[in-house]
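Student: Sharing a structure, written as structure tokens. Questions coming.
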Amino acid sequence: MFFLNQTSTILQMGFIYAIVGLGVYITYKILDFPDLSVDGTFPLGGVVFAVLLTAGCPWPVAMLAAFVAGALAGLVTGVLHVKLKINGLLSGIITMTALLSVNYLIAGGPMVSFSQESTLLNNAFLNGLARTAANFVQAFFILLFVILCKILLDWFLKTKSGFMLRATGDNPQLVTQMGKNTDNYKMLGLSLANGLVALAGSLYCQYGSVYNSSMGTG
């Protein structure tokens, strides 16, 4: 039984961080941008989700809000880099550091608990199952979410905007020759990446039914 519980925990954590991997893939692989702001946007997604959920917001809306919050934070990193001409690594560090205070301000403290609220990973259906079965069903729900994110990301990358985003990382001269601004696509990529990371942060909070300010460390 202990082995099964540990296996389900590993699967859940792995699937949640798979979404983080999708976000980091956009910045590091596609844009070749060392974005460290993800250390701040991961807990940002969690705190936005937790605060909205405890305020009575439905969990799907709270998750969408977490994605938007992460995207806006990524946009800040993009603006610092392309508009203010700050080094990419430093612009991510600035955003990450600023979010430490922003997250604390939103939460009103170091922790927000919502164990009594219904979420994707804590609802009446799951509570009616045995603990081991519920853990594996939770892992399955997260897996479905990962697959959905992967499908949507693949679809986006096949669009014109997605093609321009990939070209910005591989061949920015081509984008310029086509009359497009590479700076706009850098900001788009950073927003999308950090939105996905924040979305993963909201799932991570749902796993433990609590937001903790230290969850983004590392």
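Okay, residues lined up against (1) part of a loop (DSSP other than H, G, I, E, B); (2) in contact (Cβ under 8 Å) with a residue 24 or more places away in the chain; (3) of a type in the set (A, V, I, L, M, F, W, C):
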{"position": "Ala133", "(1), (2), (3)": "no, no, yes"}
{"position": "Phe136", "(1), (2), (3)": "no, yes, yes"}
{"position": "Phe141", "(1), (2), (3)": "no, no, yes"}
{"position": "Phe145", "(1), (2), (3)": "no, yes, yes"}
{"position": "Ile151", "(1), (2), (3)": "no, no, yes"}
{"position": "Asp154", "(1), (2), (3)": "no, no, no"}
{"position": "Gly162", "(1), (2), (3)": "no, no, no"}
{"position": "Arg166", "(1), (2), (3)": "no, yes, no"}
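Student: Hey, could you check the stretch 176-211 for residues that are polar (S, T, N, Q) and farther than 30 Å from Leu121 by Cβ and say which is surrounded by the fewest Cβ atoms within 10 Å (Cβ to Cβ)?
Tutor: Gln177
Residue-wise test of (1) out of contact with any Leu (no Cβ under 9 Å at 6 or more places or on another chain); (2) over 29 Å from Val102 (Cβ atoms).
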residue: Asn127; (1), (2): yes, yes
residue: Thr168; (1), (2): no, no
residue: Thr176; (1), (2): yes, yes
residue: Asn181; (1), (2): yes, no
residue: Gly189; (1), (2): no, no
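Student: What are the pairs with Cβ atoms under 6 angstrom where one residue, in the stretch 84-111, is within 13 Å of Gly216 (Cα to Cα) and the other, located anywhere, is surrounded by 14 or more Cβ atoms within 10 Å (Cβ to Cβ) and charged (D, E, K, R)? Sequence gap at least six, or different chains.
Tutor: Partner pairs satisfying both residue conditions: Met96/Asp39.
Student: If you don't mind, there's one more thing I want to ask. Specify the residue that is farthest from the chain's Cα centre (by Cα); the eligible residues are those in the stretch 112-124 that are open to solvent by 40 Å² or more (accessible area, probe 1.4 Å) and free of Cβ contacts under 8 Å to residues at least 12 places away in the same chain.
Tutor: Restricting to residues being open to solvent by 40 Å² or more (accessible area, probe 1.4 Å) and free of Cβ contacts under 8 Å to residues at least 12 places away in the same chain, the top hit is Ala124.
Here is a yes/no grid of residues against (1) assigned to a helix (DSSP H, G or I); (2) out of contact with any strand residue (DSSP E or B) (no Cβ under 6 Å at 6 or more places or on another chain); (3) in contact (Cβ under 8 Å) with a residue 12 or more places away in the chain:
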position	(1), (2), (3)
Ile10	yes, yes, no
Tyr28	yes, yes, no
Pro34	no, yes, yes
Gly45	yes, yes, yes
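Student: Turning to a different aspect of this structure: Here's a check for you: in the stretch 85-94, which residue that is more than 8 Å from Leu36 (Cβ to Cβ) and part of a helix (DSSP H, G or I) is most open to solvent (accessible area, probe 1.4 Å)?
Tutor: Once the filter is applied, the top-ranked residue is Leu90.
Here's the yes/no breakdown for (1) closer than 17 Å to Thr77 by Cα; (2) within 22 Å of the chain's Cα centre (by Cα); (3) not basic (Lys, Arg):
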site: Gln177; (1), (2), (3): no, no, yes
site: Gly189; (1), (2), (3): yes, yes, yes
site: Leu196; (1), (2), (3): yes, yes, yes
site: Gly201; (1), (2), (3): no, yes, yes
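Student: Which members of the stretch 14-52 meet the condition of being of a type in the set (Phe, Trp, Tyr) and surrounded by 19 or more Cβ atoms within 10 Å (Cβ to Cβ)?
Tutor: Phe15, Phe33, Phe42, Phe49
Student: Taking the stretch 34-56, which residues are in contact with a helix residue (DSSP H, G or I) (Cβ under 9 Å, 6 or more places away or on another chain) and of a type outside the set (A, V, I, L, M)?
Tutor: Within the stretch 34-56, Pro34, Asp35, Ser37, Asp39, Gly40, Thr41, Phe42, Pro43, Gly45, Gly46, Phe49 meet the criteria.
Student: Among the residues of the stretch 1-17, what is the count of those that are under 28 Å from Ile106 (Cα atoms) and over 10 Å from the mean Cα position of the chain (by Cα)?
Tutor: Looking only at that region, the number is 4.
The values are calculated or read from the model by the stated rules, or taken from the named source; none is laboratory data. Not measured: the values here are computed from a predicted model. Every residue, glycine among them, receives a Cβ derived from its backbone with ideal geometry; neighbour counts consider all protein chains shown. Side chains included, ligands, DNA and RNA excluded: accessible areas come from the protein's heavy atoms. Shrake-Rupley method; radii C 1.70, N 1.55, O 1.52, S 1.80 Å.
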